[in-house]
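First up is the structure itself, then whatever we jot down about it.
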Amino acid sequence: MFMPPFVILILVIGGAVILLSVLLSFIPVGLWISAFAADVKIGIFTLVGMRLRRVVPSRVVNPLIKATKAGLKLTIDKLEAHYLAGGNVDRVVNALIAAQRANIPLEFEKAAAIDLAGRNVLEAVQMSVNPRVIETPVVSAIAKDGIELSAKAKVTVRANINRLVGGAGEQTIIARVGEGVVTTVGSAESHKEVLENPDAISKTVLEKGLDAGTAFEILSIDIADIDVGRNVGAQLQTDQAEADKRIAQAKAEERRAMAVATEQEMKARVQEMRAKVVEAEAEVPKAMAAALREGKIGVMDYYNMQNIISDTQMRLSLSKATQSDDEKQHDKK
């Protein structure tokens, strides 16, 4: 099959354009030209190798251009290795540039280790230049006189680059400062001493060296506010007195219950004795009847005994009436 010459020419040109597009998409020629213009020596095959290693060339070459212009001596291999390790190359380079401008000694290996440890190395360098103020939450403590004080502190800290890897964070600083506030207030004899000299808290906390083992260096601790809270000592005494009163009431109730039980027991015993008396009195007529039947007493003896009983009852009635008249005359007087 014969093809016209112009068709063959179009196919050749189209194939060349497609091939060139594929090559340009795979080989970052524009990035190579930018690096060459910035006097960064990097070969075109190095950029191709980055593509094969699944490294985005711009995320390594652009930071290298920035570092070279800033006067840092870094190699493409170090930056690529940090990228492959999962680090942020651009942030590490920015931190190195900031440290150089601030005359802070910081090596690439140290900055890369800090970045891989999960800390923001650029923020750490910036904090070394410009310290940050950490405000603690309200910490409540009780002085020896029982008065509660609520204090809030502001801690000025500076990042310690040498302890960023493995050093404790801000939460540890806040916890230690809170502990120092509680210790200082709790050791004060009176809450007035703390109110008069709030700087005593700062001095005590600073003397404890709370920044040991942390990624920060404490520059100052300022007590922002102190408020007087509850009288915890008085409240505890009130609660103790209330508890003692309840215990006394319980013991009194126990004694009352025992007294009531004893009273009921004595009443039962009285009723029992009365029953025995009634039972004994019931035996008297039986004994008298038996005596009459057996002839041990006569009828006249029985009547004499009845007369004596009647006379005795009469005398008792007269004595009671006389006693009542005397009481009435005494009341009139």
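The values are calculated or read from the model by the stated rules, or taken from the named source; none is laboratory data. Since this is a predicted model, take the numbers as computed values, not measurements. Here the Cβ positions follow ideal geometry from the backbone for every residue, glycine too, while neighbour counts run over all protein chains shown. Side chains are part of the model used for accessible areas, which takes the heavy atoms of the whole protein and leaves out ligands, DNA and RNA. Shrake-Rupley method; radii C 1.70, N 1.55, O 1.52, S 1.80 Å.
Taking the longest Cα principal axis of the chain as reference, the axis of helix 232-294 is set at about 30 degrees.
Considering every alpha-carbon pair of the chain, the percent of pairs per 20 Å bin, from zero through the bin containing the longest distance, is 17, 21, 16, 12, 11, 10, 8, 5, 1, 0. Estimated from the Cβ-Cβ distance and a Förster radius of 25 angstrom, the FRET efficiency linking Glu193 and Ile247 is about 0.10. Summed over the residues of the range 188-333 and divided among them, the accessible surface reaches 80 Å² per residue at a probe radius of 1.4 Å. The slack in the chain from Gln240 to Asn103, taken as 0.36 nm per residue of separation less the alpha-carbon distance, amounts to 43.0 nm. In the range 196-281, the alpha-carbon atoms span a convex hull of 172 Å³ per residue. The Cβ shell under 13 Å around Glu263 holds other residues with a net charge of +3, Lys and Arg each +1, Asp and Glu each -1.
Put the Cα centre of the range 61-84 next to the Cα centre of the range 173-238 and the gap is 48 Å. Note that the range 58-71 has calculated 3J(HN,Hα) couplings of 5, 6, 10, 6, 4, x, 5, 4, 4, 5, 5, 5, 7, x Hz, one per residue in order, obtained from phi through the Karplus relation 6.51 cos²θ - 1.76 cosθ + 1.60 (θ = phi - 60°); glycine and proline are x. Here the range 33-96 has 55 percent of its accessible surface on carbon and sulfur atoms, given a 1.4 Å probe and all protein chains in place.
Computed from label points 7 Å out along Cα-Cβ, the spacing between Val278 and Leu219 is 10.2 nm. As a calculated quantity, the FRET efficiency between Val165 and Arg59 at R0 = 22 Å, using C-beta atoms, amounts to about 0.40.
The 1.4 Å probe gives accessible areas that order Lys73, Lys320, largest first, as Lys73, Lys320. Take Lys69: with every protein chain present and a 1.4 Å probe, its accessible area is about 140 Å². Once the Cα-Cα distance is subtracted from the 0.36 nm per residue extended length, the Lys203 to Lys144 segment shows a gain of 19.3 nm.
Distant-in-sequence amide contacts of Val165, defined by a placed amide H-H separation under 5 Å and a gap of 5 or more residues or a different chain, comprise nothing.
Put a dot 7 Å past the Cα of Ser317, heading toward its Cβ, do the same for Met305, and the two dots end up 2.3 nm apart. Residues within the reach of a label modelled at Lys296 (point 7 angstrom out along Cα to beta-carbon, backbone nitrogen below 17 Å), restricted to the range 247-286, are 280-286. To the nearest ten degrees, helix 299-332 and the longest principal axis of the Cα atoms of the chain are 60 degrees apart.
Ellipsoid semi-axes for the range 102-237, based on the Cα gyration tensor and the rule √(5λ), read 37, 13, 11 Å when sorted largest first. Heavy-atom accessible area for Tyr302, with the other protein chains in place and a 1.4 Å probe, reaches approximately 80 Å². The angle between the Cα long axis of helix 89-101 and the main principal axis of the chain comes to about 90°, on a 0 to 90 degree scale. Temperature 37 °C, viscosity 0.692 mPa s: under these conditions the Stokes-Einstein estimate for the range 38-181, based on its Kirkwood radius over C-alpha pairs, is 185 µm² per second.
Only protein heavy atoms count here; under a 1.4 Å probe, Met273 has an accessible surface of about 110 Å².
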